[in-house]
1. Which value, in Å², gives the accessible area per residue of the stretch 9-129 when a 1.4 Å probe is used on the protein heavy atoms?
2. For GLY44, which sequence-distant residues (separation of 5 or more, or a different chain) have an amide H within less than 5 Å of its own amide H, given hydrogens modelled in the peptide plane?
3. Quick one: Debye curve from the C-alpha atoms of the stretch 173-320, no solvent, what's log10 I(q)/I(0) at q = 0.09 Å⁻¹?
4. Using a 10 angstrom cutoff on alpha carbons, build the Gaussian network for the chain and name the most mobile of VAL37, VAL15, VAL71.
5. Can you give the Rg to Rh ratio of the stretch 69-112, both from alpha-carbon atoms, with Rh computed by the Kirkwood formula?
6. Please give the charge dipole size of the chain, origin at the Cα centre, charges +1 on K and R Cβ atoms and -1 on D and E Cβ atoms. Round to the nearest 20 debye.
7. Hey, any idea what % of the chain's accessible area is carbon plus sulfur with a 1.4 Å probe?
8. For the pair ARG22 and ASP184, what calculated FRET efficiency results from E = 1/(1 + (r/R0)^6), where r is the Cβ-Cβ distance and R0 = 51 Å, to the nearest 0.05?
Amino acid sequence: MAILHVRRLKKYFPVLGGVFLRRTGWVHAVDDVSFSVEKGKTFGLVGESGCGKTTLGRCIMGLYDLTQGSVTVQGQSISRLTAFQKKKLATHLQMIFQDPYESLNPRQTVQQILEEKYKIHGHHSTDLSREIRQLLSRVGLSADSLSRYPHEFSGGQRQRIGIARAVSMHPEIIICDEPVSALDVSVQSKILNLLLELQQTLGLTYVFVSHDLSVVRHVSDRIGVMYLGKIVEMGDAQDIYAHARHPYTRALLSAVPVPDPDAQRQRVILTGEVPSVENPPSGCRFHTRCPHAAPICRREPPPLIHRRHDPRHVAACHFF
Ligand code: SF4
C-alpha cells in the first residue's frame, strides 16, 4: 500500500533581475513529477547535481510551497494542512541531510541536540535520558557521546547523530538527502547498512536522494531518474539496472564501477553542458546531449511510456 503520493508536482522559482528586481523568468526546478512509495520501501531519486531531486525532497517535506500538484502523506494532502496539522505531520516525516556537521548546532552537546528535538515536537517521556541512550545505541554510538559536541566526532559518527535525531520522532517516512555523499567510501557502506537495518526493524519508508546510481541501487526498491526537473525513467531497481531504456540512464549506469573486470560496460560519455533550468531545451530536454537525438526530439517532448508487459517500468524517449 502506498504511503506517499506525489502527483504532477511542479516547483518553479522566480528569477529576479533589473534595478527593481522584477521577475524576468522562472527556474523550472521540478516539472510535472509523479510517483508513489509503498510503506516500508525505498524510492531512490537519482540524477546529476541541479536536476531538481533535492528540491523535490524539500517539497515533500513541506519546506517549499508547491507551484502546482500535490503531495499526499498517509492520505493527507500536505498543502491543505493547517500550521498545527503540519507540525503534527512533521513527526511522521523526517529528513537526514547531506552535511551532518552543518545540520547540527555546534554549540550543543549530543544530549541537548536530541532533547531539543523532543521538546520542539512536544514529546514528553517519563524517562527521556533512558530513551536517548537507547536511541544512541540503536545507531551505534555509546552513551558517553551524550556530553560531547559535534566537532568531536568523525563524519560518519556525525551522520549517526543526524540519523538518531531523525528516528527519535518515530517517523513513518524519512527523506535521505545525499546522506553518504560527504563521507569516505569505507564509511558509506556502514551508514547505508545502518539505514537498511533501521528500515527493517522500524518499518521505515525512505525517499533516498543521490547523484550516485550505485548507491541508490544498493538501497532502493524503485528508482526514478531525474534530468532537468523531470523523471525520465522509473522502475524497479533491478529492472532499471538490467534493462535501462533511456539514454541518460544508460550513460549514468555506464559510469558505475563493476567488480568483475571482464564484465566492464562500455562507458557512455555525455558531451555538452547541462542546459539551464531557467530556459530548458524544447522537445526532449535531453536532446542537446543525447547521442541518439533526431529531429522529432527537438520538437516534441516524449511522454513517459511503459515497457511492453511491464507497466511498472516507464521511460520518456521517442525511440527506446
Ligand atoms: Fe534522446 Fe530523443 Fe530519446 Fe530524448 S527522445 S532521449 S533526445 S533519443
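The values are calculated or read from the model by the stated rules, or taken from the named source; none is laboratory data. No experiment lies behind these values; they were computed from the predicted model shown. Cβ placement follows ideal geometry from the backbone for every residue including glycine, while neighbour counts extend to all protein chains displayed. To get the accessible areas, we keep the full protein, side chains included, count just its heavy atoms, and leave off ligands, DNA and RNA. Shrake-Rupley method; radii C 1.70, N 1.55, O 1.52, S 1.80 Å.
1. 54 Å²
2. Amide H neighbours of GLY44: PHE208, ASP221, ARG222, ILE223, GLY224.
3. -0.33
4. Highest fluctuation of the listed residues: VAL15.
5. A ratio of 1.13.
6. On the way: 39 positive and 29 negative charges, 176 e Å.
Computed charge dipole of the chain: roughly 840 debye.
7. Using a 1.4 Å probe with all protein chains present, the chain comes out at 50 percent carbon and sulfur.
8. 0.65
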